[in-house]
Amino acid sequence: MDITVEVYKRDARMKSGERMVKKTDHSVTELSMLEHTYKTTYLARDGFRLEFHETYVTKQNLMGGQEFKERYDTPHYCSPASESYWSM
């Protein structure tokens, strides 16, 4: 299973109130071990927030109808599953 971990830290200088510190891809068999490692390294009391995402999601091609896999963070306009991709 491929997992992407995003680590954010509170930062009052940013408009959103936090900044991304790290974004890392992992190939794991057990998600709980990965979560434990990150939660003990980046503590919430120190202002860190963690997000765990499946790296690849299954979508359906808008024109052909075939299913394909793409990264979870692919912009909408770059995805063959969106109308804006095919109208350029």
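Scanning the range 9-68 for residues that are basic (Lys, Arg) and within 27 Å of residue 85 (Cα to Cα) gives 23, 59. Scanning the range 35-88 for residues that are farther than 15 Å from residue 8 by Cβ, over 15 Å from the mean Cα position of the chain (by Cα) and surrounded by fewer than 15 Cβ atoms within 10 Å (Cβ to Cβ) yields a count of 19.
Of the candidates 52, 68, the single residue that is outside any loop (DSSP other than H, G, I, E, B) and touching a Pro at 6+ places or on another chain (Cβ under 8 Å) is 68. Within the option set 41, 29, 58, 37, being hydroxyl-bearing (Ser, Thr, Tyr), over 21 Å from residue 7 (Cβ atoms) and free of Cβ contacts under 8 Å to residues at least 12 places away in the same chain holds for one residue only, 58.
Bear in mind that the values in this text are calculations on the coordinates, not laboratory data. Predicted model only: the values in this text are computed from it and were never measured. Every residue, glycine as well, gets a Cβ built from its backbone with ideal geometry; the counts of neighbours run over all protein chains shown.
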